[in-house]
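The values are calculated or read from the model by the stated rules, or taken from the named source; none is laboratory data. Quantities reported herein were computed from a predicted structural model and do not represent experimental measurements. With ideal geometry, Cβ positions are generated from the backbone for all residues, glycine too; neighbour counts draw on all protein chains shown. Remember, those area values only see protein heavy atoms, side chains included, never the ligands or the DNA or RNA. Shrake-Rupley method; radii C 1.70, N 1.55, O 1.52, S 1.80 Å.
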Amino acid sequence: SQQGEEDPQALSIQEGENATMNCSYKTSINNLQWYRQNSGRGLVHLILIRSNEREKHSGRLRVTLDTSKKSSSLLITASRAADTASYFCATGQGAQKLVFGQGTRLTINP
Amino acid sequence: NAGVMQNPRHLVRRRGQEARLRCSPMKGHSHVYWYRQLPEEGLKFMVYLQKENIIDESGMPKERFSAEFPKEGPSILRIQQVVRGDSAAYFCASSARQFATTGHTHTDTQYFGPGTRLTVL
């Protein structure tokens, strides 16, 4: 699998439900970041979790990181129609580039 | 504090022409990154620059592509003699600093611009 591979590739849920997306990676990392991208738009940074952190919260977002399993999850609670977007995890390697996965396309149905 | 600015937002070129994409980082940011996104795919790293220096260009195609980040002015991604396969969204990101902890060098959060969508006819 590719570095920063998200699972599932697509997710469709009802408004108000929780959405969980997973990300797996292969090599050692310094940090892992989650981004949101609305169709045809730029990326919005959601949250950064460092390799020595296990869990982080920001509003309705909860991110976990398990470095032993080389995996991370993004949980969006009480989803809203405005959460419809593609979500990407990106691993920070060294001090430089981010390596992105293919993304999870999340659709929130009203 | 304005975010990362990119222009143009949309660029149409015919095969063989040159494309110039501009990126102005956030105020106070001295690190610039360029990424390319093909339809339905994630972003792929191209190049990382600091002022007047190319730090990592491992993701740049060997020919026709070049990037610069001069002392004054925006960062420029230049694509010469464009081909249809260059059609993509090109995103610029900037970050403030690197910092070191024991055994690690960390890059601060990268903030992305809105992208330039290049279409090659």
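Observations on the structure shown:
- All positions within segment B:1-15 that are within 16 Å of B:VAL82 (Cα to Cα), open to solvent by less than 100 Å² (accessible area, probe 1.4 Å) and not β-branched (Val, Ile, Thr): B:LEU11, B:ARG13
- Pairs where the first residue, in segment B:22-51, is touching a residue at least 40 places away in the same chain (Cβ under 8 Å) and of a type in the set (S, T, N, Q) and the second is assigned to a strand (DSSP E or B) and open to solvent by 20 Å² or more (accessible area, probe 1.4 Å), C-beta under 8 Å, 6+ apart: B:SER24/B:MET5; B:SER30/B:GLN50; B:GLN37/B:LYS44
- Tally of residues being part of a loop (DSSP other than H, G, I, E, B) and open to solvent by 20 Å² or more (accessible area, probe 1.4 Å) across segment B:53-72: 10
- Verdict on A:THR107 being touching a residue at least 60 places away in the same chain (Cβ under 8 Å), in a loop (DSSP other than H, G, I, E, B) and open to solvent by 30 Å² or more (accessible area, probe 1.4 Å): no
- Considering segment A:47-60, and only residues there that are open to solvent by less than 30 Å² (accessible area, probe 1.4 Å) and more than 8 Å from chain B (Cβ to nearest Cβ), the residue that is nearest to A:THR84 (Cα to Cα) turns out to be A:ILE47.
- Any hit, segment A:87-96, residues being aliphatic (A, V, I, L, M), crowded, with 19+ Cβ neighbours inside 10 Å and more than 10 Å from chain B (Cβ to nearest Cβ): no
- Taken across segment B:68-86, residues that are touching a strand residue (DSSP E or B) at 6+ places or on another chain (Cβ under 6 Å) and closer than 26 Å to A:ALA85 by Cα do occur, with at least one present.
- Segment B:96-115 - residue that is open to solvent by less than 20 Å² (accessible area, probe 1.4 Å) and either more than 10 Å from chain A (Cβ to nearest Cβ) or not in a strand (DSSP E or B) (or both) and, of those, modelled with the lowest pLDDT: B:THR109
- Qualifying residue in segment B:17-37 (condition: of a type in the set (Asp, Glu), more than 10 Å from every other protein chain (Cβ to nearest Cβ) and surrounded by 13 or more Cβ atoms within 10 Å (Cβ to Cβ)): no
- Listed conditions (1) within 20 Å of B:TYR111 (Cα to Cα); (2) in a loop (DSSP other than H, G, I, E, B); (3) within 14 Å of chain A (Cβ to nearest Cβ) are all met by B:TYR48, apart from (2).
- Of the residues making up segment A:65-80, those that are open to solvent by 30 Å² or more (accessible area, probe 1.4 Å) and over 12 Å from A:TYR25 (Cβ atoms) are A:SER68, A:LEU75, A:THR77, A:ALA78, A:ARG80.
- Residue match in segment B:40-52 (condition: open to solvent by 50 Å² or more (accessible area, probe 1.4 Å) and modelled with pLDDT of 95 or more): no
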